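Read the structure below first, then the notes.
The values are calculated or read from the model by the stated rules, or taken from the named source; none is laboratory data. Keep in mind it's a predicted model, so treat the numbers as computed, not measured. Here the Cβ is made from the backbone with ideal geometry for all residues, glycine too, and neighbour counts use every protein chain on show. Accessible surface is based on the protein model in full, side chains and every heavy atom, while ligands, DNA and RNA are left aside. Shrake-Rupley method; radii C 1.70, N 1.55, O 1.52, S 1.80 Å.
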Amino acid sequence: MPDSAELQSLPELPVEELIACHECDLLMRKPSIEDGERAVCPRCGYELYRQGHQVIGRSMALVVTALLLYVPANFLPIMQLNLLGQTSVDTLWSGVLGLYGSGMQGIAVVVFLCSMAVPLLKLLCQLVVLLSIRLDFGRSYSLLLYRIYHHLRDWGMLEVYLMGILVAIVKLADLADLSLGLGLFCFIALLLVQVWLEVTMSPHQIWEALSGEDVHARD
Ligand SMILES: [Zn+2]
């Protein structure tokens, strides 16, 4: 923790040299760390940020992987259901259409936004931000896009959708002959890649690279 003399001098420092802890709001001088190190709050131990190797390259590989998985996850069959001689093949997209067709237009729109539109927009925002850092163009637009991305994060609910699918599979397994489709495995893979991406794409390094301060993140 900084001593009282340092605390009194903090307000005179430029704002770029200060950092506040997300958990306990402790205001401190931003520590400079090397590649592979992480900065933690001296008061509560929360990780302030970490400096990773090749953040942009790794994040870009993960974004492209997620975009490639997005199409089969949404349009390949999640499950195939045989009930009383009738076979139905369900995809995420046919689920949305089914809701819309059965009079639940409002729910269909919410499911479409949270499970298809927002996750895709998030990935596209991340891709453009990473490309703009790598190729050094349109950083001011990318700052705006990255802000939008942080707002979109609250609205992408793939994991909630996955829980719904798993509950439906467990419930239906006793009633009908059920087989899992390739779409479900792509969907789970998409979720895992997105979690990996969240961990890899350090917001601290992205913000700094976008504002043109950091050269480490661009390797
Ligand atoms: Zn703290």
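For region 25-37, give me each residue that is over 24 Å from the mean Cα position of the chain (by Cα) and not small (Gly, Ala, Ser).
Scanning region 25-37 gives ASP25, LEU26, LEU27, MET28, ARG29, LYS30, PRO31, ILE33, GLU34.
Is it the case, given these coordinates, that LEU192 is open to solvent by 100 Å² or more (accessible area, probe 1.4 Å) and either part of a loop (DSSP other than H, G, I, E, B) or of a type in the set (S, T, N, Q) (or both)?
Spelling it out, it is not the case that LEU192 is open to solvent by 100 Å² or more (accessible area, probe 1.4 Å) and either part of a loop (DSSP other than H, G, I, E, B) or of a type in the set (S, T, N, Q) (or both).
Within region 43-85, take every residue that is in a strand (DSSP E or B), touching a strand residue (DSSP E or B) at 6+ places or on another chain (Cβ under 6 Å) and more than 26 Å from ALA20 (Cβ to Cβ) and give me the one that is nearest to the ligand (Cβ to nearest atom).
MET79
So if I check each of ARG153, ARG147, which one is modelled with pLDDT of 85 or more and among the basic types (Lys, Arg)?
After ruling out the rest, the residue left standing is ARG147.
Evaluate region 193-202: report whether one residue or more is of a type in the set (Phe, Trp, Tyr), touching a helix residue (DSSP H, G or I) at 6+ places or on another chain (Cβ under 9 Å) and modelled with pLDDT of 90 or more.
Within region 193-202 (the criterion being of a type in the set (Phe, Trp, Tyr), touching a helix residue (DSSP H, G or I) at 6+ places or on another chain (Cβ under 9 Å) and modelled with pLDDT of 90 or more), the answer is yes, since at least one residue qualifies.
Considering each of ASP90, ASP25, ASP35 in turn, give the residue that is farther than 23 Å from THR200 by Cα, away from the ligand (no atom under 16 Å from the Cβ) and charged (D, E, K, R).
Only one candidate qualifies: ASP90.
From VAL40, VAL110, grab the single residue that is among the β-branched types (Val, Ile, Thr), within 16 Å of the ligand (Cβ to nearest atom) and more than 17 Å from the chain's Cα centre (by Cα).
Testing whether each residue is among the β-branched types (Val, Ile, Thr), within 16 Å of the ligand (Cβ to nearest atom) and more than 17 Å from the chain's Cα centre (by Cα) leaves just VAL40.
Considering only residues that are over 20 Å from ALA117 (Cβ atoms) and among the hydrophobic types (A, V, I, L, M, F, W, C), which ones fall in region 158-183?
LEU166, VAL167, ALA168, ILE169, VAL170, LEU172, ALA173, LEU175, ALA176, LEU178, LEU180, LEU182
Quickly run through region 132-157 and pick out the residues that are of a type in the set (A, V, I, L, M, F, W, C) and outside any helix (DSSP H, G or I).
If the condition is that a residue be of a type in the set (A, V, I, L, M, F, W, C) and outside any helix (DSSP H, G or I), then PHE137, TRP155, MET157 are the ones that fit.
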